[in-house]
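Engineer: One structure follows; several queries about it will come next.
Since every read-out is calculated from the coordinates, none of them should be taken as a lab result. Keep in mind that this is a model prediction, so the values were computed, not measured. Cβ atoms come from the backbone with ideal geometry, glycine included; neighbour counts cover every protein chain shown.
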Amino acid sequence: MFLVTGATGIVGRPLIELLVSQGAKVRAVTRDPQAAGLPDGVEVVAADPARPSTLAACLEGVTGLFLNPRAAGLAAPELLALAKDHGVTRVAVLSAVNVDEDLDHQPSRFNGDRNKEVEAAAVASGLEWVSLRASAFAINTLLAWGGQIRAGDVVRGPYANFSEAPIHERDLAEVGVRALLSDDLVGRKLELTGPQSLTHEELVATIGEVLGRPLRFQEVPPEAVRQGMVGMGMNEAFVVALLARYARGAGQPAPVTDEVDKALGRPARTWAEWVTDHAAAFRD
Ligand SMILES: NC(=O)c1ccc[n+]([C@@H]2O[C@H](COP(=O)([O-])OP(=O)(O)OC[C@H]3O[C@@H](n4cnc5c(N)ncnc54)[C@H](OP(=O)(O)O)[C@@H]3O)[C@@H](O)[C@H]2O)c1
């Protein structure tokens, strides 16, 4: 039995679908089972990984744990100790490629994510562990640009020449499944990226090619972007850290690894494949 935290999230959902398709038994943790909408056959349990005592009853019979730092936060060491006491032997922990960078250079920390601490807790847990250090999720682009693309042919944003190597969330989930089901990846901190480094401008152009529309990226000065994002209610410290990350990396390629290919024995999905898989969301 596998216990999945962050089960209703971007990585958790495809991970669960893949585990189920491979015949694994899954117990999915959510704070709101009514809204979970998870596949048939998944045991959905109401608990909050950030309050590990709520999880104790869900750990019976579990051998493998998928640990999402956003869901567990600084409660991860307590959760992992509880898991070990209940017979869990392995943890696959979600993390990020920037986890060893200066803490102030990790924008998600300003929104509360504690990837570094949660990964360290997994490594120190005494369980078999695998860390999935992911690059930017491809789906970030849908969240950032989807509205503009549905409304017109111009995407306005900062730093046209900033590059990402976006990873298809399904590839990340597939590596997560491999981390839980096979022994191949145990003890590894896997730097998982998409197969291409592409600038904001190139990412938008490819979306246009897949949609059959002449999309283009129009650069907006960072200060105007800051005001716009904060005006939309986004956390200012996060916005400032994100723009600083763009300023530091502008004009440089994003690191690309072949760890997805090696873990899965096939090439990582390309950016164009991800856009094709999500074309309807850019059109609707
Ligand atoms: N986005 C990126 O580009 C990127 C790249 C690398 C690493 N990461 C890291 O990946 C993690 C996020 O993964 P994800 O996108 O799969 O997560 P997500 O979809 O945002 O959230 C996963 C689930 O966790 C639960 N959750 C969210 N906030 C919570 C909170 N404050 N307390 C308790 N439970 C909470 C929610 O489940 P319920 O409501 O059902 O309980 C949610 O569906 C973060 O640590 C992030 O830093 C992200």
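Engineer: Please list the non-local residues whose amide H lies under 5 Å from the amide H of L192, H modeled 1.01 Å from N, same-chain partners needing a gap of 5 or more.
Structural biologist: Correct list: R133, A134, S135.
Engineer: How far is helix 236-249 tilted off the main Cα axis of the chain, in degrees rounded to 10, range 0 to 90?
Structural biologist: 70 degrees
Engineer: Taking 0.36 nm per intervening residue step and subtracting the Cα-Cα distance, what contour gain separates E43 from T270 on full extension?
Structural biologist: The E43-T270 span can extend by a further 78.4 nm.
Engineer: So if I restrict to the alpha-carbon atoms in segment 154-284, what is the Rg, and what is Dmax, the biggest pairwise distance, in Å?
Structural biologist: Expressed in Å, the Cα Rg and Dmax of segment 154-284 come to 16.9, 49.
Engineer: Moving on to the next point. Mind pulling up the Rg/Rh value for segment 38-91? Radius of gyration and Kirkwood radius, both on Cα.
Structural biologist: Over the Cα atoms of segment 38-91, Rg/Rh equals 0.95.
Engineer: Okay, next question. If you stretched the chain out fully between R51 and V220, how much longer would it get, using 0.36 nm times the residue separation minus the C-alpha to C-alpha distance?
Structural biologist: Taking R51 through V220 to full extension adds about 56.7 nm, to one decimal.
Engineer: While we're here: Over segment 2-134, one equal point on each Cα, no solvent: what is log10 I(q)/I(0) by the Debye formula at q = 0.14 Å⁻¹?
Structural biologist: Summing over Cα pairs of segment 2-134 leads to -0.57.
Engineer: Going through the cross-link list K189/K262; K84/K116; K84/K262; K84/K189, which pairs have a Cα-Cα distance over 22 Å in this structure?
Structural biologist: As for pairs spanning more than 22 Å Cα to Cα, those are K84/K262.
Engineer: Taking amide H positions as placed in the peptide plane 1.01 Å from N, state which residues far from W129 in sequence (5 or more) or on other chains have amide H under 5 Å from it.
Structural biologist: So W129 has HN proximity to V91, G187.
Engineer: So, one more: Compute the FRET efficiency between L74 and R213 as 1/(1 + (r/R0)^6), taking r as their Cβ-Cβ distance and R0 = 35 Å, and round to the nearest 0.05.
Structural biologist: Computed FRET efficiency for L74 and R213 comes out at 0.20.
Engineer: Continuing with this model, one more query. Quick one: what are the phi-derived ³J(HN,Hα) couplings along segment 45-54, Karplus 6.51/-1.76/1.60 with θ = phi - 60°, whole Hz, x for glycine and proline?
Structural biologist: Per residue, the Karplus-derived 3J(HN,Hα) values read 10, 8, 6, 10, x, 6, 10, x, 4, 5 Hz.
Engineer: Please compute P(r) over all alpha-carbon pairs of the chain, binned at 5 Å starting from zero, and give each bin as a whole-number percent.
Structural biologist: The percentages, shortest bin first, are 1, 6, 12, 16, 17, 17, 13, 10, 6, 2, 0, 0.
Engineer: Quick one: 3J(HN,Hα) in Hz for segment 83-100, Karplus 6.51/-1.76/1.60 with θ = phi - 60°, rounded, Gly and Pro as x.
Structural biologist: 4, 4, 4, 8, x, 5, 10, 9, 10, 9, 10, 7, 8, 9, 4, 8, 5, 8
Engineer: Magnitude of the Cβ-charge dipole of segment 2-134, K/R +1 and D/E -1, about the Cα centre, nearest 20 debye?
Structural biologist: I would put it at about 180 debye.
Engineer: Could you work out how much longer the chain between N235 and L82 gets when fully extended? Use 0.36 nm per residue separation minus the Cα distance between them, nm to one decimal.
Structural biologist: That pair, N235 and L82, stretches by 51.8 nm at full extension.
Engineer: Taking a cut-off of 22 Å, what percent of all Cα-Cα pairs in segment 67-224 are separated by more than that?
Structural biologist: 50 percent
Engineer: Which ³J(HN,Hα) values in Hz, rounded to whole numbers, follow from the phi angles of segment 154-164 under the Karplus curve 6.51 cos²θ - 1.76 cosθ + 1.60, where θ = phi - 60° and Gly and Pro get x?
Structural biologist: 10, 9, 9, x, x, 6, 4, 9, 7, 10, 10
Engineer: OK, next. Considering only C58, L185, Y246, whose Cα is most displaced toward the positive end of the charge dipole of the chain, charges sitting on Cβ of Lys, Arg (+1) and Asp, Glu (-1)?
Structural biologist: C58
Engineer: Could you work out how far helix 139-151 tilts from the main Cα principal axis of the chain, as a 0 to 90 degree angle to the nearest 10?
Structural biologist: That works out to roughly 40 degrees.
Engineer: Once Lys and Arg get +1 and Asp and Glu get -1 on their Cβ, which of A124, A76, V44 lies farthest toward the positive end of the dipole of segment 25-142?
Structural biologist: The residue sitting most towards the positive pole is V44.
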